1. For an R0 of 30 angstrom, estimate the FRET efficiency from the Cβ-Cβ distance between Ser27 and Thr150 and round to the nearest 0.05.
2. Pop the C-beta distance of Ile169 and Ala115 into the FRET formula with R0 = 25 Å and round what comes out to the nearest 0.05.
3. Whose amide H sits under 5 Å from the amide H of Cys4, counting only residues 5 or more places off or on another chain, with H placed in the peptide plane?
4. Find how much the distance from Arg63 to Asp93 grows on full extension, using 0.36 nm per residue of separation minus their present alpha carbon separation; answer in nm with one decimal.
5. Modelling each spin label as a point 7 Å along the Cα-to-Cβ direction, I'd like the Arg197/Phe104 distance in nm, to one decimal.
6. So what is the 222 nm mean residue ellipticity for the chain from helices alone, if each DSSP H run of at least 4 adds -39500 (n - 2.57) and you divide by all residues, rounding to the nearest 500 deg cm²/dmol?
7. Which of the pairs Lys102/Lys202; Lys102/Lys142; Lys132/Lys155 have their Cα atoms more than 31 Å apart in this structure?
8. Decide, for the range 2-120, between rounded, prolate and oblate: order the square roots of the alpha carbon gyration tensor eigenvalues as a ≥ b ≥ c, take rounded if a/c falls under 1.5, and otherwise choose prolate if a/b is larger than b/c, else oblate.
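Rule-based calculations on the coordinates, nothing more; no lab input. Keep in mind it's a predicted model, so treat the numbers as computed, not measured. Here the Cβ positions follow ideal geometry from the backbone for every residue, glycine too, while neighbour counts run over all protein chains shown.
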Amino acid sequence: MIFCVEDDESIRELILYTLQSTGFEASGFSCSKSFFDTLEHKLPSLVLLDIMLPGDDGLVILRKLRSSNRTAGIPVIMITAKSAEIDRVIGLDLGADDYISKPFGMMELISRIKAVLRRSEPGSGESVISFKGIKLDHDKHKITIDGTETDFSLKEYLLLQILMENIGIALTRDVILERIWGYEFDGETRTVDVHMRKIRKKLGQYGESIETVRGIGYRLSENSHA
């Protein structure tokens with residue numbers, strides 16, 4: 001089930017028609033109230049979220065979704081009429097999985113949705129991967145640090161997963177963006193740095209194991225003192 005939060009009725013109905021005609025179940029909402037009322041008893045597999053909405057705007061809604069353990073893992077694609085970089089960066093930093101700017105083609109939207117859903121599927125490798133005192137459990141979708149479960153947003157979870165699957169390998173910011181967000185965001189690699197700072201803080205003493213490779217990106221190193 002895909003939820004579409006869009007106050008423009010014509011756009012919302014077109015999106016719903018396209019989703020349903022391509023095999024998806026979909027429901028539409030014109031504002032945050034009806035959306036959150038429905039979330040109380042039903043969770044979607046993905047949310048299409050317009051930024052410009054009456055009442056709570058899309059960024060406020062996204063913050064609320066990511067702040068709740070019940071909804072933090074739901075993939076979100078932001079829809080916006082704005083072209084300013086700051087709106088895209090804020091959305092990504094808050095945990096959006098992708099964004100698409102109006103006007104957009106319906107087939108492009110369907111392609112983006114399928115890509116995000118693929119990236120959100122549980123990993124097909126080992127169920128649990130470990131690094132020092134950190135354990136990442138694919139099946140349970142949780143991270144424990146020295147045996148204590150710690151909350152990570154979906155993006156933070158996926159970023160740490162990539163680092164743990166490539167210990168000792170320097171990953172460029174562009175590669176990280178491509179792996180996590182599905183394509184390159186020209187000029188917006190700052191969002192990787194923001195997420196890495198958050199991950200380091202949550203990892204405590206093990207945060208030092210994430211090394212910044214000057215001019216390149218990041219790597220998880222076994223040679224740190226943590």
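1. Values: r = 33 Å, r/R0 = 1.09.
Computed FRET efficiency for Ser27 and Thr150: 0.35.
2. So, using R0 = 25 Å, E works out to roughly 0.55.
3. Ser27, Gly28, Phe29, Leu48
4. 9.8 nm
5. The two pseudo-label positions are separated by 2.7 nm.
6. -12000 deg cm²/dmol, from helical runs alone.
7. Working: Lys102/Lys202 36 Å; Lys102/Lys142 35 Å; Lys132/Lys155 21 Å.
Violating the 31 Å limit, Cα to Cα: Lys102/Lys202; Lys102/Lys142.
8. Working: a/c = 1.21, a/b = 1.07, b/c = 1.13.
Note, shape of the range 2-120 comes out rounded.
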